[in-house]
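Everything on this sheet refers to the single structure shown next.
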Amino acid sequence: MVLEFHKMRRLRTAPTVAILVVAVAVLSSFSLFSGSTQETLNDPDSMPWAGLLTTYTLMSAMTSPILISVIASRQTDIEHSGVGWTLASTAGYSPGRLCQAKLITLSIVLVPAVAIQTLLVIGIGLLAGIRAPLEPGPWVGYTLLLFFVDVGFLAIHIWLAAVVENQLISVGIGMLGAFLAAFTFLMPGPIARFIPWGYYAMISHAGQRGGSVAYITPEYGWVVGFLLIVALAFAVVTHRLNRIER
């Protein structure tokens, strides 16, 4: 894991993540400064915080798959280009174990990234003039689920980047995933459940209800089930990677 953090420093992973975190926060809050929106920021009945959370959820769904695919690809591609798999195996670290180390270290980076992203969105909301009471529960719940779904896709892309040397495939799938994640907001819940990137919409804690914005309760059972399937699949495929000579 120490070596993985050194690789991250060389790859400038932290600045890459930081830039996208700020971009998501700004894009999520941009509409707050329009004249029509400014008139409703102090009205609790208009649910300004729920509206902001809805926009934030959509922007995260459109950008998170791309960010995850890029950092996973960069962190793994270095092994292909520098015969890292062979060197690691010589030191006693199998490919599967190396992938697990990459997942843990990149997940550690995502913890502050996702938390700061949410705090920035809330901070910009306050700066824009929202004075309605903030309900922290939906924001905390969404932030936690966003982190776990990000980690799930991080595992998928690390495995994909490990078995396919052409990293354009992994990043391309991430870009396609961003499109599908945004599109699933328009789909009925039963359909979104069976599209992996649909879980960026499934974890939403706010959305349209009866023509107005309101807080909603995600289907936690489906989200937990998806994460468990990904965790089990990652454990199996990394175990199989240990049998592959590189």
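No lab work stands behind these numbers, since they all come straight from the coordinates. It should be emphasised that the depicted structure is a prediction, and the values quoted were computed from it without experimental measurement. A quick note on method: Cβ atoms are made from the backbone with ideal geometry, for glycine too, and the neighbour counts reach across all protein chains shown.
Counting each pair of different Cα atoms once, what's the Kirkwood radius of region 141-246 in Å, rounded to one decimal?
Taking every pair of different Cα atoms in region 141-246, averaging 1/r and inverting gives 15.1 Å.
Taking the beta-carbon count within 10 Å as an exposure proxy, list 31, 64 from fewest neighbours to most.
Lowest to highest Cβ neighbour count: 31, 64.
Neighbour counts of other C-beta atoms within 10 Å: give me 80, 205, 239, 157 arranged from fewest to most.
Fewest to most other Cβ atoms nearby, the residues stand as 239, 80, 205, 157.
In the chain, which whole DSSP H runs stretch at least 30 Å along their own axis (Cα) and average -0.5 or higher on the Kyte-Doolittle scale?
Passing helices, by number: 48-81, 95-128, 136-163, 220-241.
With just the Cα atoms of the chain, tell me how far they stretch along each of the three principal axes, in Å, largest first.
Principal axes ranked by extent give 64, 37, 27 Å for the Cα atoms.
Say each of residue 232 and residue 115 gets a label point 7 Å from the Cα, pointing the same way as Cα to Cβ; how far apart are those two points in nm?
Computed distance between label sites residue 232 and residue 115 equals 3.1 nm.
What are the residues whose amide H is under 5 Å from the amide H of residue 206, where those residues sit 5 or more places off or on another chain and H is modelled from the backbone?
216
For the pair residue 219 and residue 42, how long in nm is the line joining their label points, each one 7 Å along Cα→Cβ?
Going by the 7 Å Cα→Cβ label model, 4.2 nm.
Diagonalise the Cα gyration tensor of region 70-178 and give the resulting equivalent ellipsoid semi-axes, square root of 5 times each eigenvalue, largest first, whole Å.
Working through the eigenvalues yields semi-axes of 36, 14, 11 Å.
Just the Kirkwood number for region 137-199, please: inverse of mean 1/r across all distinct Cα pairs, in Å, one decimal.
About 12.9 Å for region 137-199.
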